[in-house]
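Beneath this line is the structure, given in structure tokens, with notes to follow.
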Amino acid sequence: MSESDASTANQVDVAIVGGGQSALAVSYFLRRAGISYVVLDNQSEAGAAWLHAWDSLHLFSPAQWSSLPGWLMPPTTGQYPSRADVIHYLADYEKRYEIPVRRPAEVKSVSRRGDRLLVSTNHGDWLAKVVVSATGTWGHPYIPDYPGRRDFGGEQVHSARYRNPDPFRGKRVLVVGGGNSGAQILAELSQRCHVTWVTVEEPTFLPDDVDGRVLFERATERWKAKVEGRPDPVPSGGLGDIVMVPPVREARERGVLNSVRPFIRFMNDGVVWADGTRSQVDAVIWCTGFRPALEHLRPLNVINAAGRVDVVEGRSVAEPGLWLVGYGEWCGFASATLIGVMRSARSAAAQIKEYLSSLEEQTA
Ligand code: FAD
């Protein structure tokens, strides 16, 4: 990137990379503080990761427990909001708070240019005093490296790309992964095809009456106790344990909610199990999670060996103009959830306001 590119770039105080719920929550607080900002999102419409979730996905928490700052998600027809409900809510939220989102704008890199950060996109460049990275994890699916995986001739789909069971009708399918994605996708696939659920250990199922709201309350109690140096005050049950949403409960009633321990390697047409037996397999659905999508930050040299950025209260330790919001607990308590991101976003906006004031004082 040449200096002339920087000289023709648009100027803004804050550039937010990504246009999902984390970006919108930060926008809400920046707007309230009167700070100029732009949101750069690589999708063609509002909804971010939710645009790509499978068709039948429902949240674990009722609408009012799945809300961003300032405006509760309107009540939904079902007990738990659907994927479409969340997409509508995010789109309406953008309009309600007049959030300046540029779409589609793929941020290719963020690099330092003197006292500014140059944000280069496929639709023009931005010079910002601050960058908030809120690119989530959806764009960086994780697949474990099983021996022979590349020689397997069947289909492989990560949950990031799985939409519905139709393409798998009548096929022999492995669902790999012991979290909520694995349980929900297994539940619906088991009605259409012969499916085997592969998990590293026996999955942890929560009691039927524990939903995302209860989990969030428990996690909050646990977090407060940790901050205050008290012992863990609540029974076990983490945000990653399996919530018994109606389709998963129904799969349990049908007796199909059973898992087996992993195979040891792939063959061209199937897998070999630890005891040496072989199974023919047509497709594997990887429900094995995600990693932070941080490629655009590479020029700043802030990505650590774990593929994250070292932060304190969401602010990069190495790059004073960079904040990270969303992604996971390392960015702030429950930062990757709709209701939990408020705390991280509010804190980031308050710090950014202070930082911008200190920059102004330096130049005055
Ligand atoms: P995202 O929603 O991923 O948004 C990031 C945006 O940035 C995307 O539009 C992405 O395309 C874009 N982007 C990425 N890289 C670039 C780039 N270089 N340039 C420009 N744009 C870029 N949370 C709850 O609160 N309740 C639930 O019930 C719940 N259920 C879930 C179920 C599943 C199966 C999953 C996977 C997650 C669930 N979550 C739930 C978690 C959480 O809501 C999501 O992880 C959420 O999408 C995180 O929001 P985000 O804004 O940080 O990231």
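What does the convex hull of the Cα atoms of the chain come to per residue, in Å³, rounded to a whole number?
On the way: hull volume 58.4 nm³, N = 364.
It comes to 161 Å³ per residue, whole-number rounded.
Placing dummy labels 7 Å off each Cα toward the beta-carbon, the span from Trp71 to Arg149 is 4.0 nm. In the chain, the longest principal axis of the Cα atoms and the axis of helix 341-363 are about 20 degrees apart.
With a cap of 12 neighbouring Cβ atoms within 10 Å, and only residues DSSP puts in a loop, list the GluC sites (Glu not before Pro) found in the stretch 280-363. Filter output for the stretch 280-363: Glu313.
Kindly count the pairs of lysines across the chain whose alpha carbons are less than 30 Å apart, treating pairs on different chains or eight or more residues apart as eligible.
8
Between Val260 and Tyr97, the contour length at 0.36 nm per residue exceeds the Cα-Cα span by 53.9 nm. Solvent-accessible surface of the chain, averaged per residue with a 1.4 angstrom probe and all protein chains in place: 47 square angstrom. Structural descriptor for the chain: relative contact order 21 percent, calculated from alpha carbon pairs under 8 angstrom and at least 6 residues apart. Against the chain, whose longest principal axis is taken from its Cα atoms, helix 21-32 shows a tilt of about 20°. Once the Cα-Cα distance is subtracted from the 0.36 nm per residue extended length, the Arg161 to Asp232 segment shows a gain of 21.8 nm.
In what order, largest first, do Ile242, Ile143 sit by accessible area if the probe radius is 1.4 Å?
Result of the area sort, largest leading: Ile143, Ile242.
Rounded if a/c is under 1.5, else prolate if a/b is larger than b/c, else oblate: which is the stretch 78-158, with a ≥ b ≥ c the root eigenvalues of its Cα gyration tensor? Could the numbers behind the result be given before it?
Details: a/c = 3.00, a/b = 1.25, b/c = 2.39.
Judged from the Cα gyration tensor, the stretch 78-158 comes out oblate (a/c at least 1.5, b/c at or above a/b).
In degrees, nearest 10, range 0 to 90: what is the angle between the Cα axis of helix 180-189 and the longest Cα principal axis of the chain? Tilt relative to the chain: about 50 degrees.
Checking every one of the GluC sites (Glu not before Pro) in the stretch 80-145 against DSSP loop status and a limit of 13 other Cβ atoms within 10 Å picks out Glu98.
Could you give the length gained by full extension between Ser56 and Thr363, i.e. 0.36 nm per residue of separation minus their alpha carbon distance, to one decimal place?
On the way: separation 307, 0.36 × 307 = 110.52 nm, distance 5.34 nm.
Stretched fully, the Ser56-Thr363 segment lengthens by 105.2 nm.
Separation of the stretch 300-364 and the stretch 149-203, taken as the distance between their Cα centroids, equals 36 angstrom. In the chain the longest region clear of trypsin sites (Lys or Arg not before Pro) that are loop-assigned by DSSP and have at most 15 other C-beta atoms within 10 Å covers 1-160.
Between Arg169 and Ala306, how high is the FRET efficiency from 1/(1 + (r/R0)^6) when r is the Cβ-Cβ distance and R₀ = 41 Å? Nearest 0.05.
Numbers: r = 40 Å, r/R0 = 0.97.
The pair Arg169/Ala306 has a calculated efficiency of 0.55.
Using just its DSSP H runs of length 4 or more, each adding -39500 (n - 2.57), the chain gives a mean residue ellipticity at 222 nm of -7500 deg cm²/dmol after division by all residues.
Between Gln280 and Gln64, how high is the FRET efficiency from 1/(1 + (r/R0)^6) when r is the Cβ-Cβ distance and R₀ = 45 Å? Nearest 0.05. Please report the intermediate quantities before stating the final value.
Details: r = 48 Å, r/R0 = 1.06.
Taking R0 as 45 Å, the efficiency between Gln280 and Gln64 is 0.40.
Roughly speaking, to the nearest percent, how much of the chain's 1.4 Å accessible area is carbon and sulfur?
On the way: 8440 of 17090 Å².
Here carbon and sulfur together make up 49 percent of the probe-accessible area.
The values are calculated or read from the model by the stated rules, or taken from the named source; none is laboratory data. This structure is a prediction, so every number in the text was calculated from the model and none was measured. Don't worry about glycine lacking a Cβ; one is built from the backbone with ideal geometry, like all the others, and counts go over all protein chains shown. Side chains are part of the model used for accessible areas, which takes the heavy atoms of the whole protein and leaves out ligands, DNA and RNA. Shrake-Rupley method; radii C 1.70, N 1.55, O 1.52, S 1.80 Å.
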